[in-house]
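The values are calculated or read from the model by the stated rules, or taken from the named source; none is laboratory data. In this text the structure is predicted, and so the values were computed from the model without any measurement. Note that we place each Cβ from the backbone using ideal geometry, even for glycine, and neighbour counts take in every protein chain shown. Ligands, DNA and RNA are excluded from the accessible area calculation, which covers all protein heavy atoms including side chains. Shrake-Rupley method; radii C 1.70, N 1.55, O 1.52, S 1.80 Å.
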Amino acid sequence: MHNSKLFLLSGIAAVVFSACKKQDVQNAQPPAEEETCRQSSGAENGDPVSGRYIVLYNTEVIQSRNMTEGRLEQTSTSIMNRNAINDEAIKENFGGDAGGFIAELSTDEAVRLKRDESIKIVEQDRIVSLATCFTVVSPRLITWNINRVGFGDGTGKTAWVVDTGIDFEHPDLNVDANRSKSFLPNIPSADDENGHGTHVAGIIGAKNNSFGTLGVASGANVVSLRVLDKNGTGLLSYIVQALAYINTNAKAGDVVNMSLGDDEGISESLDQQVQATANRGIYFAIAAGNEHDLANKFSPARAVGPNIYTISAIDSLDNFASFSNYGNDVVDYAAPGVRILSSYLDNKYAYMSGTSMAAPHMAGLLLLRGRNITTSGTAKNDPDGNPDPIAHY
């Protein structure tokens, strides 16, 4: 997620371990290693995009869930025409239970659309960006964090990862390339060029084989929904479109991982898309954020409702992470998020830190248990004074 830097260390490509599966091998906390970080700036995170707006339908007026692409186009065109706005301003249409479109509008046009009875939300688009710091290392099979939350067989289950993409060729991951999709204009591939999404995917479902690391729901299918580029930067509208895609393509019991968010505050359109999709029986694991602030100040961490779980971060001693957002009104559980080892680009493995790493632990548990999450202890020194329960299998 954003400003709390995601820490990774330095090292080498994956070392292959032989003989037994990962679940047969236990590993203690990895030894300390010298940190050498490559960092990318998230300075533009939250900056508005001039003249670009996210428009969501009022679902009480327009039922867009099962609309064809042609019908969606007709609907948005009709709305634009009756508000005396050129329909060429429409850049993308999307369906789902909270369908809508992306358009280039003047301020006056945006105000007119907002007054239309068919429209629920008109929100200016803005930049979403990660700031990352990492170290590439050799893998260590079952890591402390997986031991802490527990693990099981995720074969046949599906997690939708809204992120920088996933490395399609990583041998430790089952990537569903057929359903994967990029929402970046002019970048058709959902393959990862940053590393963040691949790391998240490994925490969720790295295979139970004889090398690498083990995921919470080992062997789960991970779908890459790429909304951020190689620098970890994208637009809020890309995330909204990805959620609309999930809304129309996922099934009840699937899990969505969102290890990203808007550090500049609240997005009604983003929260609405999360809630509408969760209402279909699809689970959400959402990073609380890394501002060391109240999580209810940020979207989508602030989204609440059935099947939505916002996750804070702890370290290997169950201490509440210094960077993690907090607040029991929206935070549901804590999970490991400090020095987490997982898959990375080019068949490698790396350490990262952040609530970005905490959320996929919950995603894996949701795949295994649905709502029947158990707990094991609580986060020490939780800033809100009411310690978050630590999620466990």
Does any residue of segment 338-351 turn out to be in a loop (DSSP other than H, G, I, E, B), in contact with a Gly (Cβ under 8 Å, 6 or more places away or on another chain), without any contact (Cβ under 8 Å) to a residue 60 or more places away in the chain and crowded, with 20+ Cβ neighbours inside 10 Å?
no
Any idea which of (1) modelled with pLDDT under 95; (2) under 27 Å from residue 65 (Cα atoms); (3) among the acidic types (Asp, Glu) is the one residue 271 doesn't satisfy?
(1)
Residue by residue through segment 240-263, note down the ones that are among the aliphatic types (A, V, I, L, M), buried (at least 24 other Cβ atoms within 10 Å of the Cβ) and out of contact with any Leu (no Cβ under 9 Å at 6 or more places or on another chain).
244
Considering only residues of segment 282-313 that are aromatic (Phe, Trp, Tyr) and open to solvent by 10 Å² or more (accessible area, probe 1.4 Å), which is farthest from residue 364 (Cα to Cα)?
298
Subset of segment 76-99 [in contact (Cβ under 8 Å) with a residue 24 or more places away in the chain and β-branched (Val, Ile, Thr)]:
79, 85
All-but-one check, residue 135 against (1) over 19 Å from residue 241 (Cα atoms); (2) open to solvent by 20 Å² or more (accessible area, probe 1.4 Å); (3) in contact with a Leu (Cβ under 7 Å, 6 or more places away or on another chain), failing number (2)
Which of (1) modelled with pLDDT of 95 or more; (2) surrounded by fewer than 18 Cβ atoms within 10 Å (Cβ to Cβ); (3) among the small types (Gly, Ala, Ser) does residue 99 not meet, given it meets every other one?
(2)
Verdict on residue 218 being surrounded by fewer than 24 Cβ atoms within 10 Å (Cβ to Cβ) and either over 21 Å from residue 136 (Cα atoms) or within 17 Å of the chain's Cα centre (by Cα) (or both):
no
Within segment 352-383, residues part of a loop (DSSP other than H, G, I, E, B) and open to solvent by 50 Å² or more (accessible area, probe 1.4 Å) come out as 371, 372, 381, 383
Kindly list, by first and then second residue, each pair from a residue in segment 367-391 that is at positive phi to a residue that is open to solvent by less than 50 Å² (accessible area, probe 1.4 Å) and of a type in the set (Val, Ile, Thr), limited to pairs with Cβ atoms under 9 Å and residues at least 6 apart or on different chains.
377/390
Of the residues in segment 153-199, those that are under 28 Å from residue 375 (Cβ atoms), in contact with a strand residue (DSSP E or B) (Cβ under 7 Å, 6 or more places away or on another chain) and surrounded by fewer than 18 Cβ atoms within 10 Å (Cβ to Cβ) number 1
Please indicate, with yes or no, whether at least one residue in segment 68-83 is in a strand (DSSP E or B), farther than 17 Å from residue 120 by Cβ and touching a strand residue (DSSP E or B) at 6+ places or on another chain (Cβ under 6 Å).
no
For residues that are of a type in the set (Val, Ile, Thr) and surrounded by 20 or more Cβ atoms within 10 Å (Cβ to Cβ), scanning just segment 50-67, find the one that is nearest to residue 114 (Cα to Cα).
55
In segment 102-111, what count of residues is obtained for those that are surrounded by 15 or more Cβ atoms within 10 Å (Cβ to Cβ), in a helix (DSSP H, G or I) and among the acidic types (Asp, Glu)?
1
Report yes if residue 276 is assigned to a helix (DSSP H, G or I), crowded, with 20+ Cβ neighbours inside 10 Å and of a type outside the set (D, E, K, R), otherwise no.
yes
Out of curiosity, is residue 266 under 22 Å from residue 288 (Cβ atoms), open to solvent by 30 Å² or more (accessible area, probe 1.4 Å) and hydrophobic (A, V, I, L, M, F, W, C)?
yes
Among the listed residues 242, 287, 278, identify the single one that is aliphatic (A, V, I, L, M) and over 13 Å from the mean Cα position of the chain (by Cα).
278
